Amino acid sequence: MTTVVELVGTQARRDAVGLLGPGGLRYQHSLIAARAASRAALFRHRHRRGVEPHIGILLDNTDEFVFWLEAAALAGAALVGVNPTRRGAELARDIRHAECELLVTSRSYLPLLADIGIGLPLLVVDDRDYAAALEPFQGLVPDDVEPVAPVTEDTRLLLYFTSGSTGAPKAVTCTQGRLAASGAVMAERFGLSASDVCYIPMPMFHGNAILANWAPALVAGAAVALRDRFSASGFLPDVRSYQATYFTYVGRAISYILATPERPDDDRNTLRAGFGTEAGPLDRDRFERRFGCHLSEGYGASEGGINILAPRSFPPEVLARGAAVGRSDPTLSIVDLETGKPCPAGEFDAAGRLLNGAAAIGELVRTGPGAFTGYWKNPEADAERFAEGVYRSGDLFYADPEGWLYFAARKADRMRVDGENISVALLEAILGRWEPVAAVAAYAVPDEVTGDAVMCALVMKPDAAFDPEAFAAFLRAQADLGTKMAPRFVRITAELATTATGKVSRYALREQGWWDVGDDAMWTRPGRDLGYEPAARAAG
């Protein structure tokens with residue numbers, strides 16, 4: 001294992017292009033390292049002994065974000081990615097909880113900080129005072145930087161917040177060793193080299209962009225190409241402009257790209273690989289046929305306790321059974337939420353429908369912590385995640401007799417209808433087959449009789465309208481739709497609630513339920529038959 005400091009030092013000796021950005025922005029690896037060294041020295045000069053060396057970064061994906069990421073490594077400090085979609089007390093809570101010593105930001109974000117009283121020194125990167133502050137440290141190289149403490153593999157380098165898709169964000173810690181190791185694994189997995197260009201359209205304040213994109217680029221000596229904020233319409237122009245070969249994504253990003261107007265020359269691009277989560281098999285297939293680029297899915301959370309890379313292809317019988325993510329290994333098991341005992345393997349009919357979901361669906365756990373190094377000052381969350389030698393993923397899975405693992409839902413998104421566990425992922429895959437649908441989310445709402453009632457939110461394609469009879473006919477035709485899976489409530493909405501990283505926020509959708517949907521159209525299935533009628537509006 002190595003450290004990020006060592007990786008930066010290696011790239012500092014190279015004059016190849018290492019960073020690309022809008023407006024013809026180009027930096028050599030050696031210049032990136034020099035810019036990082038000057039910022040590390042500035043931080044070292046301002047650091048107060050006895051204070052946690054935490055540098056808050058409230059920026060879009062810009063060159064300064066990259067400079068400060070390397071600077072934090074050189075200084076032996078931790079970079080705290082601050083989510084710019086947070087507001088007011090929530091934003092202040094994140095910054096205070098992470099114990100940021102200073103905050104690096106831009107003038108565009110100063111209004112967010114005006115009235116929240118964080119009381120921190122600010123470095124505003126597009127202000128003339130910033131250039132003046134850096135002036136005494138120009139001309140330094142990484143070897144000139146004295147860290148605030150000796151740097152080892154265990155030195156904390158990142159604090160990044162979970163996406164908040166299932167509740168309040170928690171600050172995950174990541175060491176220099178973990179980040180370097182993640183970069184090495186991903187670089188090898190995708191065969192990255194110095195000739196590659198790694199396109200980062202996802203926000204760098206979140207772990208995906210850094211662990212699965214920036215870090216492997218640093219290991220391989222590849223160039224990084226930045227998009228300040230994700231843009232579906234800007235995706236292909238960016239890829240062509242930067243000659244990008246690899247990119248990462250999360251959440252609904254692939255769906256948004258596929259919703260852009262199709263052109264006959266879409267496959268004329270340099271992409272050869274993409275990696276991410278939550279695209280779904282139908283969207284992955286559509287993306288590969290349209291853009292000529294294979295997408296690899298993986299399973300893993302920000303915490304890093306369990307990471308599973310999916311194979312390039314799955315056996316047909318596995319694809320028919322649901323959202324498989326890969327194969328199990330001796331460290332992994334699926335346990336019942338109530339008893340903690342191992343769940344039996346899934347049983348399937350000829351159509352691939354899970355027959356024993358009530359018993360087979362449980363939480364995925366592993367023996368040992370994996371790469372999980374804990375949350376920042378949150379012992380309750382640490383204990384919930386890792387206790388008695390077992391790391392709890394917080395996610396529900398089922399397995400087939402051959403050991404293939406199938407994602408069912410986040411534990412917080414669990415559906416249990418009439419005593420049967422429902423796979424949210426499988427239900428969404430089924431609903432996503434309906435041709436008029438552009439995007440779908442399934443989630444539970446309370447029901448006095450069944451415990452949970454199934455609700456879904458549908459985003460229709462621009463030229464489509466919701467036809468309740470056609471929807472019911474579609475559901476009847478799905479051989480793998482279980483008897484408890486048909487939605488009781490259907491919400492027709494213009495867009496799904498999402499987190500800052502583009503993941504669907506079922507937490508927000510559940511909070512709105514069927515009673516707080518604004519002007520969205522609502523349909524309900526009042527009886528057991530598959531028939532839908534307009535839902536009466538909730539009073540008040």
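Data table
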quantity	calculated
Rel. contact order, % - alpha carbon contacts under 8 angstrom, at least six apart, the chain	10
Among the listed pairs Lys411/Lys461; Lys341/Lys484; Lys170/Lys341; Lys411/Lys503; Lys461/Lys484, those beyond 18 Å (Cα-Cα)	Lys411/Lys461; Lys341/Lys484; Lys170/Lys341; Lys461/Lys484
Apportionment of accessible area to carbon and sulfur, the range 474-536, percent (1.4 Å)	46
Selected from Ala441, Val459, Val490, residue furthest toward positive end of dipole (the range 421-540; charges at beta carbon)	Ala441
Stretch gain in nm, segment Ser30-Val335, where the contour uses 0.36 nm per residue and the Cα spacing is subtracted	104.8 nm
Extension reserve of the Asp266-Ala16 stretch, reckoned as 0.36 nm per residue once the Cα distance is removed	87.1 nm
Overall Cα dimensions of the range 79-178, principal axis frame, Å, largest first	43, 36, 19
Value of relative contact order over the range 276-425, rounded to a whole percent, pairs C-alpha under 8 Å and six or more apart	21
Neighbour cut-off at most 16 other Cβ (10 Å), DSSP loop, trypsin sites (Lys or Arg not before Pro), the range 243-315	Arg268, Arg272, Arg312
Positive-end residue, the range 328-450 charge dipole about Cα centroid, Cβ charges, pick of Tyr391, Gly403, Leu337	Tyr391
Cβ-Cβ FRET estimate between Glu146 and Thr483, R0 fixed at 56 Å, reported to 0.05	0.25
Selection of trypsin sites (Lys or Arg not before Pro), the range 463-540, meeting DSSP coil and at most 16 other Cβ within 10 Å	Arg528, Arg537
Contact order relative to length of the range 125-188, as percent, for alpha carbon pairs under 8 angstrom and 6 or more apart	24
Solvent exposure of the chain as accessible area per residue, Å², 1.4 Å probe	42
Estimated [θ] at 222 nm from DSSP helical runs (n ≥ 4, -39500 (n - 2.57)) normalised by residues in the chain, nearest 500	-7500 deg cm²/dmol
Orientation-averaged projected area, Cα convex hull of the range 1-52 (nm²)	5.4
Distance between modelled label sites at Asp516 and Leu134, nm, 7 Å Cα→Cβ extension	4.4
Against the rule of thumb 2.2 N^0.38 Å, how large the Cα Rg of the range 315-401 comes out	1.23
Helix axis angle, 281-291 relative to the chain longest principal axis, alpha carbon, degrees	60
Antiparallel DSSP beta bridges within the range 45-175, as percent of all bridges there, nearest 5	25
Estimated dipole of the chain in Debye, rounded to 20 [Cβ of Lys and Arg +1, of Asp and Glu -1, Cα centre]	520
Between 0 and 90°, nearest 10: helix 29-46 axis offset from the chain longest Cα axis	80
Antiparallel DSSP beta bridges within the chain, percent to nearest 5	60
FRET E, pair Ala359, Glu448, Förster distance 25 Å, beta-carbon r, rounded to 0.05	0.50
Percent accessible area from carbon and sulfur atoms, the range 353-455, protein chains only, probe 1.4 Å	52
Proximal charge balance of His294 [Cβ under 14 Å; K/R count +1, D/E count -1]	+2
Accessible area of the range 133-197 belonging to carbon and sulfur atoms, whole % at 1.4 Å probe	50
Share of Cα-Cα pairs in the range 211-290 lying beyond 18 Å, as whole percent	40
In Å, descending, principal axis extents of the Cα set of the chain	75, 56, 52
Simple Cβ-charge dipole of the range 433-540, Lys/Arg +1 and Asp/Glu -1, about Cα centre, in debye nearest 20	280
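The values are calculated or read from the model by the stated rules, or taken from the named source; none is laboratory data. Model, not experiment: these values are computed from the prediction. Cβ: placed from backbone, ideal geometry, glycine included. Neighbour counts: every protein chain shown. All accessible areas refer to the heavy atoms of the entire protein, side chains included, with ligands and DNA or RNA removed. Shrake-Rupley method; radii C 1.70, N 1.55, O 1.52, S 1.80 Å.
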